[in-house]
Amino acid sequence: MTSVFDLAPGTPVVPVVVIEDAADAVPLARALVAGGLPLIEVTLRTPAALDAVRAIAAEVPDAVVGAGTVVSAAGVADAVGAGARFLVSPGWTGRLLGAMRESGVPFLPGVSTASEVVALLEQGVDAMKFFPAEAAGGVPYLKSLAGPLPRARFCPTGGVSLASAPSYLTLPNVGCVGGTWMLPPDALAARDWGRVETLAREAAGLR
């Protein structure tokens, strides 16, 4: 199966988006794409999330929209039904992993320990989300995993910033990072899509 890392090769950052109003989804996605960040993770944390995924999938063809905070088989089905082209979870269970496999779209199950990584590798899964990245050990932890577990590739998310992202992106086992710094709350509240585009362009230039 295609990996999430193959959906937009070379893209260093996946914006992690929380959308409260589905009407904001399309202009926000267009700003991120224009800034060079086509992979967009819409978290399933709000009632508007699935409508936002549908809108982006239908109206922003250059975006590769995915669903994050996927924590159940039902969530997998809902997200894929809405048009999500990849799935991201903060953690995983056997049932959730099975549902993500059966969905037919690439996925990043969440891990924060070496044992969880080994368990996924046993299942034939080598693309993972490292979460919460900063709280779980950050760059030093991922660097220490590269030697004994070279097959695993990660998208660190959780506390990653413009300042820390470059350090993650230099690691051989990091395919991209997830972050929210290009989506400052004041810009979103003001619907300042130009500022979002500018910050996205800055993030896209990290690699």
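The table that follows gives values for the structure above.
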{"item": "Å² of accessible area per residue within the chain, as computed with a 1.4 Å probe and no ligands counted", "result": "41"}
{"item": "Accessible surface of segment 54-207, 1.4 Å probe, proportion on carbon and sulfur as whole %", "result": "55"}
{"item": "Segment 69-119 and segment 131-202: distance between their alpha carbon centers, rounded to Å", "result": "19"}
{"item": "The chain, dipole about Cα centre (Lys/Arg Cβ +1, Asp/Glu Cβ -1), debye to the nearest 20", "result": "440"}
{"item": "Amide H partners (placed H, <5 Å) of VAL17, local residues excluded", "result": "GLU41, VAL42, THR43"}
{"item": "Solvent accessible area, Å² - LEU183, 1.4 Å probe, full protein context", "result": "20"}
{"item": "Amide H contacts under 5 Å for GLY91, placed H, 5+ residues apart", "result": "GLY110"}
{"item": "Given charges at beta-carbon only (K, R positive; D, E negative), |dipole| of segment 4-67 in Debye", "result": "60"}
{"item": "Positive-pole candidate from PHE130, SER112, LEU171, dipole of segment 70-179, charges at beta carbon", "result": "LEU171"}
{"item": "Of THR180, THR113, THR11, the one that fluctuates the most in a GNM where the chain has Cα springs shorter than 10 Å", "result": "THR113"}
{"item": "Trypsin sites (Lys or Arg not before Pro) within segment 110-196: DSSP coil, no more than 16 neighbouring Cβ in 10 Å", "result": "ARG151, ARG191"}
{"item": "Shape category assigned to the chain from the gyration tensor of Cα positions, a/c cut at 1.5", "result": "oblate"}
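The values are calculated or read from the model by the stated rules, or taken from the named source; none is laboratory data. Everything quoted here is computed from the prediction, not taken from an experiment. No Cβ is skipped: glycine too gets one built from the backbone with ideal geometry, and neighbour counts run over all protein chains shown. For accessibility, only protein heavy atoms count, side chains too; no ligands or nucleic acids. Shrake-Rupley method; radii C 1.70, N 1.55, O 1.52, S 1.80 Å.
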